[in-house]
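First the structure, in the form of structure tokens, and then the observations on it.
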Amino acid sequence: MKIKDIKVIVCSPGRNFVTVKIITDEGLHGVGDGTVNGRELAVASYLEDHVAPCLIGMDPMRTEDIWQYLYKGAYWRRGPITMAAIGAIDMALWDIKAKAANMPLYQLLGGRSRDKVMVYKHVGGLDISEVAEGVIALREQGLDAIRAQVAIPGLPPIYGTGASTDQDALINKRVAPHEEVWATHKYLPLVPKLFEKVRDAVGWDVHLLHDVHHRLTPIEAARLGKDLEPFRLFWLEDPIPAELQEGFRIIRQHTTQPIAVGEVFNSIYDTHTLITEQLIDYARVTSVHAGGVTGLKKIFDLAAIYHVRSACHGPQDVSPIAMGCNIHVDVAIPNFGIQEFSGYTEAMHDVFKCAWSYDRGYLQPGEQAGHGVDIDEALAAKHPYQQAYLPIARLQDGSMTSW
Ligand code: EZ4
Ligand code: CO
């Protein structure tokens with residue numbers, strides 16, 4: 001079998017997605033996701049201009065070798081754009097391999113290790129009682145795990161706290177990103193109050209999660225972790241910017257609060273210190289941003305040795321294709337933790353036909369051969385790319401800060 005053609009498709013059925021389609025000389029094809037929220041066209045060019053021409057004529061069954069060819073062969077290693085491009089190709093190749101074997105992808109990853117994949121969904125609100133109501137509503141919809149975020153009184157709603165910011169890329173269709181305001185001293189005392197109220201509302205038989213979105217310093221995160229201990233959170237996510245992996249040692253010294261990190265990571269080297277020093281409990285890498293199924297498997301296999309569990313990033317900016325690949329990995333690996341899942345709109349499901357399915361807090365990969373997701377190219381063409389950015393964050397004095 002040979003790779004005959006590679007197409008790069010950018011579409012926007014509500015938000016932008018970059019899709020790769022690999023077609024073989026035997027008629028089989030596979031698709032992969034290369035979406036990087038706010039930087040989509042960079043990945044599209046990387047794939048179209050620099051990757052696709054090199055792969056024509058290659059044997060698509062050589063999944064690992066092609067991964068290494070793109071990783072080592074580019075000389076310039078790692079980084080979100082490179083790894084998303086590799087991820088897109090890798091997903092499409094695994095799709096082809098599993099279709100050729102006439103098996104769902106998870107069978108090629110070792111088969112099922114569990115019956116179903118637990119997900120968490122998000123609740124945000126402008127005040128604590130609105131969040132508590134949202135958590136109760138999701139509980140009634142069957143969710144066993146829920147992420148809760150609240151707006152800070154006196155500041156405009158920020159990411160994850162109101163309808164106006166939840167669908168960030170959708171809303172922020174403008175030439176420059178929307179700007180948010182951040183104040184740590186207002187936030188730190190608020191979060192324990194939020195979880196006190198939420199525990200009162202829904203009790204203890206539910207997993208509660210919180211995303212700090214890289215906004216604290218290590219010692220501030222340690223303080224927050226200690227303050228949250230009475231409420232037994234499933235995890236505290238991205239407490240600090242993670243480029244400095246050593247920062248997590250400080251958090252770990254002070255609190256038993258489980259920590260989740262890694263939605264912006266793109267290689268095993270980003271997670272290496274965190275995993276081998278057991279500084280985190282959950283690795284948030286996802287197929288599209290961490291080099292596809294091959295990249296994810298390398299990271300989660302390392303994590304398994306060090307008691308670290310998986311928790312693939314899964315907002316809407318991870319396309320339904322990458323979500324499908326995540327679910328196949330989730331169901332197969334021994335050290336699965338949880339899967340983030342925001343769900344997709346009807347327009348997105350029209351463009352991306354999925355064999356995976358969601359029901360009352362749990363996902364199933366489906367039994368279709370391959371990873372089970374395909375793109376309707378004619379429909380995708382009706383939703384052209386729209387320039388969109390994630391927000392940026394400033395402190396109250398106007399200086400830039402992490403988010
Ligand atoms: O802000 O995916 O846990 N999930 C998140 C996400 C990220 C966006 C960035 O593209 O933090 O919603
Ligand atoms: Co997050």
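The values are calculated or read from the model by the stated rules, or taken from the named source; none is laboratory data. Quick caveat, the model's predicted, so the values are computed rather than measured. As a convention, Cβ positions derive from the backbone with ideal geometry for all residues, glycine included, and neighbour counts pool all protein chains shown. Heavy atoms of the whole protein, side chains included, go into the accessibility calculation; ligands, DNA and RNA do not. Shrake-Rupley method; radii C 1.70, N 1.55, O 1.52, S 1.80 Å.
Please note which helices (runs of 4 or more DSSP H) are completely contained in segment 1-86 and include at least 2 residues that are without any contact (Cβ under 8 Å) to a residue 24 or more places away in the chain. Break it down stepwise before answering.
Numbers: elements: 40-45, 52-55, 63-73.
In segment 1-86, the matching helices (runs of 4 or more DSSP H) lie at 52-55, 63-73.
Could you tell me how many of the residues in segment 310-342 are within 16 Å of ligand 2 (Cβ to nearest atom) and outside any helix (DSSP H, G or I)?
Of all residues in segment 310-342, those within 16 Å of ligand 2 (Cβ to nearest atom) come to 310-318, 322-323, 326, 337-342.
Now restrict to residues that are outside any helix (DSSP H, G or I): 310-318, 337-342.
Total meeting the criteria: 15.
Could you tell me which of the residues Gln107, Gln68 is open to solvent by 60 Å² or more (accessible area, probe 1.4 Å) and modelled with pLDDT of 95 or more?
Details: Gln68 fails: open to solvent by 60 Å² or more (accessible area, probe 1.4 Å).
Result: Gln107 is the single residue among Gln107, Gln68 that is open to solvent by 60 Å² or more (accessible area, probe 1.4 Å) and modelled with pLDDT of 95 or more.
In contact with a helix residue (DSSP H, G or I) (Cβ under 7 Å, 6 or more places away or on another chain), open to solvent by less than 50 Å² (accessible area, probe 1.4 Å) and within 16 Å of ligand 1 (Cβ to nearest atom): is that true of Ala283 in this structure? Spell out how you get there, then give the answer.
Working: in contact with a helix residue (DSSP H, G or I) (Cβ under 7 Å, 6 or more places away or on another chain): yes; open to solvent by less than 50 Å² (accessible area, probe 1.4 Å): yes; within 16 Å of ligand 1 (Cβ to nearest atom): yes.
Taking the combined requirement at face value, the residue satisfies it.
Name the residue that is nearest to Ala355 (Cα to Cα), counting only residues in segment 87-122 that are within 17 Å of the chain's Cα centre (by Cα) and either in the same structural domain as Leu363 (by TED's automatic domain parsing) or in a loop (DSSP other than H, G, I, E, B) (or both).
Kept after step one, since they are within 17 Å of the chain's Cα centre (by Cα), are these residues of segment 87-122: 87-88, 90-91, 117-122.
Then keep just the ones that are either in the same structural domain as Leu363 (by TED's automatic domain parsing) or in a loop (DSSP other than H, G, I, E, B) (or both); that gives 117-122.
Values: Val117: 15, Met118: 17, Val119: 17, Tyr120: 20, Lys121: 20, His122: 24 Å.
Filtering first and then ranking leaves Val117.
Within segment 200-254, can you find the residues that are open to solvent by less than 10 Å² (accessible area, probe 1.4 Å) and more than 16 Å from ligand 1 (Cβ to nearest atom)?
Val206, Ala222, Leu224, Gly225, Leu228, Gly247, Phe248, Ile251
Confirm whether Ser342 is within 12 Å of ligand 1 (Cβ to nearest atom), farther than 19 Å from Lys382 by Cα and open to solvent by 20 Å² or more (accessible area, probe 1.4 Å).
Values: within 12 Å of ligand 1 (Cβ to nearest atom): yes; farther than 19 Å from Lys382 by Cα: yes; open to solvent by 20 Å² or more (accessible area, probe 1.4 Å): yes.
So Ser342 fits the description; yes.
Taking segment 255-265 on its own, how many of its residues are within 15 Å of ligand 2 (Cβ to nearest atom) and open to solvent by less than 30 Å² (accessible area, probe 1.4 Å)?
Residues that pass the stated criteria total 6.
What is the residue count in segment 134-159 for residues that are in a helix (DSSP H, G or I) and touching a residue at least 24 places away in the same chain (Cβ under 8 Å)? Spell out the reasoning first.
Our first condition is that a residue be in a helix (DSSP H, G or I); within segment 134-159, this holds for 134-140.
Checking which are touching a residue at least 24 places away in the same chain (Cβ under 8 Å) leaves us with 135-136, 139.
Adding up the residues that qualify gives 3.
Quick check on segment 286-329: of everything there that is within 16 Å of ligand 1 (Cβ to nearest atom) and among the polar types (S, T, N, Q), which residue is farthest from Met348 (Cα to Cα)?
Residue satisfying both the conditions and the ranking: Ser310.
Taking the condition of being in contact with an Asp or Glu (Cβ under 7 Å, 6 or more places away or on another chain) and of a type in the set (A, V, I, L, M, F, W, C), how many residues in segment 18-48 meet it?
Of the residues in segment 18-48, the ones in contact with an Asp or Glu (Cβ under 7 Å, 6 or more places away or on another chain) are 18-19, 23, 30-32, 35, 37.
Okay, now just the ones that are also of a type in the set (A, V, I, L, M, F, W, C), so 18, 23, 31.
Residues that pass the stated criteria total 3.
Quick check on segment 171-187: of everything there that is among the aliphatic types (A, V, I, L, M) and not in a strand (DSSP E or B), which residue is least open to solvent (accessible area, probe 1.4 Å)? First the steps, then the outcome.
Initially, segment 171-187 is screened for residues among the aliphatic types (A, V, I, L, M), giving 171, 175-176, 181, 183.
Add one more test, that the residue is not in a strand (DSSP E or B), and what stays is 171, 175-176, 183.
Working: Ile171: 89, Val175: 121, Ala176: 57, Ala183: 5 Å².
Filtering first and then ranking leaves Ala183.
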